């Protein structure tokens, strides 16, 4: 009895567990370099050492595949005069430096206007342009918006209530229930692709599996204290090749002999 009371009310250590080692508030202060960032690394800035070449230490160059916006900074016309002989200065080159810019999330409304046509001679020639197909019939979110919500939740671990607050700051007033309902309906719509992925996985020679325990709240017929399990599986060729194969079979199914 004393041991139980001591466990409930005695002083406890507030040390973080190993699973929370990355959750610290002074992350910026600990990870920021003490010295100012050096200049960008150029391809020709290499040091030749015996048996190999080693790139000088410094800032990693920005991805050349990223879109770029060029901003030219020119001298005013009054300053393009040589102070020695008064001749007009000519452009001989540029000194370039690059910065990484991030465009914040933009929320916009796509308005679909279906044009109606009528016959000027009678009242029976009324026609309306057809609406484009949607993943969720009469759904509020576009395909791009659905992809953003799904990626934010399952790839970036951003809960739906935080997504709703983030969208609200940009003018997109959406409830958490609306986002949750959209996720469920998208899951039902892509079930054929999930089935193809499963079939491809079972055809592989080697399958990797991982079991994770989790707690599911408000599950019908089960208490919240009972353990549930999540199984993640992957073939030996990796997820990329499996997705490509399923995508080919989904759009070009094999012919069935008659």
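Numbers for the structure displayed
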| quantity | calculated |
| --- | --- |
| Which numbered condition residue 94 fails, given (1) under 21 Å from the mean Cα position of the chain (by Cα); (2) under 30 Å from residue 60 (Cβ atoms) | (1) |
| The lone exception for residue 78 - which of (1) part of a loop (DSSP other than H, G, I, E, B); (2) more than 30 Å from residue 172 (Cα to Cα) it fails | (1) |
| Number of the exception - residue 157 against (1) under 21 Å from the mean Cα position of the chain (by Cα); (2) surrounded by 10 or more Cβ atoms within 10 Å (Cβ to Cβ); (3) part of a loop (DSSP other than H, G, I, E, B) | (2) |
| Breaking point among (1) assigned to a loop (DSSP other than H, G, I, E, B); (2) over 30 Å from residue 166 (Cα atoms); (3) at pLDDT below 90; (4) in contact with a strand residue (DSSP E or B) (Cβ under 9 Å, 6 or more places away or on another chain), for residue 86 | (4) |
| In the range 95-127, the residues that are surrounded by 10 or more Cβ atoms within 10 Å (Cβ to Cβ) and either without any contact (Cβ under 8 Å) to a residue 24 or more places away in the chain or under 30 Å from residue 171 (Cα atoms) (or both) | 105, 107, 108, 118, 119, 125, 126, 127 |
| Selection count, the range 181-194, where residues are touching a helix residue (DSSP H, G or I) at 6+ places or on another chain (Cβ under 9 Å) and either loosely packed, with under 13 Cβ neighbours inside 10 Å or over 15 Å from residue 146 (Cβ atoms) (or both) | 3 |
| Within the range 168-205, tally of residues that are under 23 Å from the mean Cα position of the chain (by Cα) and more than 27 Å from residue 140 (Cβ to Cβ) | 1 |
| Residue within the range 165-175 that is under 23 Å from residue 108 (Cβ atoms), free of Cβ contacts under 8 Å to residues at least 24 places away in the same chain and in contact with a helix residue (DSSP H, G or I) (Cβ under 9 Å, 6 or more places away or on another chain) present | yes |
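Here is a yes/no grid of residues against (1) modelled with pLDDT of 90 or more; (2) assigned by TED's automatic domain parsing to the domain that holds residue 171; (3) assigned to a helix (DSSP H, G or I):
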site: 57; (1), (2), (3): no, no, no
site: 62; (1), (2), (3): no, no, no
site: 66; (1), (2), (3): yes, no, no
site: 102; (1), (2), (3): no, no, no
site: 111; (1), (2), (3): yes, no, no
site: 119; (1), (2), (3): no, no, no
site: 146; (1), (2), (3): yes, yes, yes
site: 152; (1), (2), (3): yes, yes, yes
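The values are calculated or read from the model by the stated rules, or taken from the named source; none is laboratory data. What you see is a predicted model; the values in this text were computed from it and never measured. Cβ sites come from the backbone with ideal geometry, for glycine too, and all protein chains shown count toward neighbours.
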